[in-house]
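Trainee: For reference, the structure I am asking about is given below.
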Amino acid sequence: MEASASDDVDKLKSRFLSAWHNMKYSWVLRTRTYFRRNSPVFLLGKCYHFKLEGSSEVFPDDLETKTEANGDACGTVEEFRKDFISRIWLSYREEFPQLEGSTWTTDCGWGCTLRTGQMLLAQGLLVHFIGRDWLWPNALDIYRSEADFWSVNSARKLAPIEASYVDHMNYGTTSSKPLHIKDYDENNQAEFYHRKIVSWFVDHPSGDFGIHRLIKLGKSSGKAAGDWYGPAIVSHLLRKAIEESVDPELRGITIYVAQDCTIYSGDVYDQQNGSDCEKSILILVPVRLGGERTNMEYFEFVKGILSLEYCIGIIGGRPKQSYYFVGFQDDSLIYMDPHYCQSFVDVSKKDFPLESFHCPSPKKMPFRKMDPSCTIGFFCKNTQDFKKVEEELTKVLNSSSKQNYPLFTFVNGHAQDFDFACSPLFEQSDLFMEEDKTRLNSYSAEEFVLL
């Protein structure tokens with residue numbers, strides 16, 4: 001009887017918490033992100049320079065240049081906007097089917113690291129299927145209607161708690177049409193994969209990389225819906241999700257997670273050269289950029305990483321908030337913020353709306369505010385790419401002021417050659433120190449401003 005009463009209290013508590021988070025993260029105060037006119041901006045390996053542009057409102061004249069571009073700039077303000085908006089944005093969602101073993105129908109307030117991990121994986125899939133140079137044709141339409149986007153998506157009413165527990169039995173009904181590449185001509189195959197990739201992240205039990213799938217995989221490590229997930233744990237969840245996917249489109253890609261900040265080349269080659277074909281590989285490297293706080297001496301290393309064409313971003317953030325870092329300008333990191341609550345989208349329907357999966361505005365934050373725990377991601381199309389990545393990363397690591405204590409290393413051979421057993425799914429190492437774990441266990445999301 002007491003156990004039943006306790007369960008009822010927990011359910012009621014989670015319902016009220018869900019309602020509060022849905023309201024809290026559904027309202028935003030629109031602000032402007034400023035960029036320096038005379039400083040280069042790097043976005044996932046591409047460099048943009050705005051000094052020939054004339055918008056003094058967005059790029060103030062009274063700010064001095066502190067960095068120089070490493071090579072020729074490749075674009076203007078408009079091209080940067082289009083490139084940024086083309087990246088897939090995965091934010092908090094509400095009103096999705098109830099997560100197994102819980103009463104949660106939203107991840108607001110606790111799922112931000114899962115969302116940033118999803119964004120990094122989505123970028124890797126975009127590069128794999130479409131290429132880094134792909135740009136969404138409708139990207140600038142979102143930018144031009146940015147004010148309408150935020151006003152429409154912010155004008156929400158707090159519905160009764162019961163409204164959060166909607167019936168999704170009609171998901172994928174006969175009126176829906178699954179995506180097939182044969183339905184698209186050659187010129188529109190990029191759009192087919194664009195929609196296909198987004199559909200893999202649907203917040204439904206059928207989604208290969210949706211929140212339901214990741215939560216189910218997390219149970220193996222003692223995690224549950226509503227818990228906080230670290231960057232390293234999320235890396236292993238993504239690896240496991242790729243391994244267990246049955247979609248034939250995903251047979252040509254795999255994920256390798258570095259062990260103890262070491263990339264074993266033999267293990268990478270083995271994963272790339274499977275029994276059926278050579279696979280593309282996402283290399284995820286969980287690291288710490290300092291002790292309790294981020295060491296500023298690592299900033300040049302982080303900038304070097306984000307300048308590489310093989311980089312697919314960083315799962316990181318500031319204490320108690322996770323962000324997806326995609327670039328930098330001067331001493332500030334550029335990121336995509338998952339802390340915005342949007343409604344569930346039924347991606348099984350033909351021509352489902354894509355606007356809520358693309359962020360209209362970038363955000364910036366000083367590097368010094370970054371939490372030291374993060375995961376860095378790289379994409380290698382084939383073994384030749386991996387060799388180039390190893391060479392480029394070695395140069396970056398050697399050029400760092402911390403070259404005697406590198407953040408991670410490459411080692412020839414296999415982990416087992418060094419009597420290091422391959423770790424099961426996210427064993428104890430979420431890379432947080434004890435004081436960090438204590439701090440994060442008392443996690444409560446702070447108020448923030450989303451552009």
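Trainee: Could you pull out every residue, at least 5 positions away or on a different chain, whose amide H is within less than 5 Å of the one on Thr262? Hs are placed 1.01 Å off N in the peptide plane, and Pro or chain starts have none.
Mentor: For Thr262, the qualifying residues are Thr409.
Trainee: When the Cα centres of region 201-226 and region 314-358 are compared, how far apart do they sit, in Å?
Mentor: 18
Trainee: Quick one: what are the phi-derived ³J(HN,Hα) couplings along region 336-348, Karplus 6.51/-1.76/1.60 with θ = phi - 60°, whole Hz, x for glycine and proline?
Mentor: Using θ = phi - 60°, the values come out as 10, 9, x, 7, 8, 8, 10, 7, 4, 10, 7, 7, 7 Hz.
Trainee: Arranged from highest to lowest average of other beta-carbon atoms within 10 Å per residue, in what order do the peptides 251-262, 310-321 appear?
Mentor: The most tightly packed comes first, giving 310-321, 251-262.
Trainee: Probe 1.4 Å, all protein chains in place: accessible area of Arg288 in Å², nearest 10?
Mentor: 40
Trainee: Quick one: Karplus J couplings for region 307-321, per residue in order, coefficients 6.51, -1.76, 1.60, θ = phi - 60°, nearest Hz, x for Gly and Pro?
Mentor: 8, 7, 5, 7, 6, 10, x, 9, 7, x, x, 10, x, 6, 9
Trainee: Next up: Can you check how the C-alpha radius of gyration of region 268-350 compares to 2.2 N^0.38 Å, as a plain ratio?
Mentor: 1.46
Trainee: How large is ³J(HN,Hα), in whole Hz, for each residue of region 110-123 in order, when computed from phi with the Karplus curve 6.51 cos²θ - 1.76 cosθ + 1.60 and θ = phi - 60°, using x for Gly and Pro?
Mentor: Here the 3J(HN,Hα) series is 9, x, 5, 5, 4, 5, 5, x, 4, 5, 5, 5, 4, 5 Hz.
Trainee: Just list whichever of Lys51/Lys369; Lys320/Lys350; Lys216/Lys303; Lys240/Lys387 have alpha carbons separated by over 31 Å in the model shown.
Mentor: Pairs exceeding the cut-off: Lys320/Lys350; Lys216/Lys303.
Trainee: Could I ask something else about it? Go through 226-235, 360-369 and give me the packing order, highest mean Cβ count within 10 Å leading.
Mentor: 226-235, 360-369
The values are calculated or read from the model by the stated rules, or taken from the named source; none is laboratory data. All figures in this text were calculated on a predicted structure; none of them were measured in a lab. Every residue, glycine among them, receives a Cβ derived from its backbone with ideal geometry; neighbour counts consider all protein chains shown. In case anyone asks, the SASA skips ligands and DNA or RNA and just uses the protein heavy atoms, side chains included. Shrake-Rupley method; radii C 1.70, N 1.55, O 1.52, S 1.80 Å.
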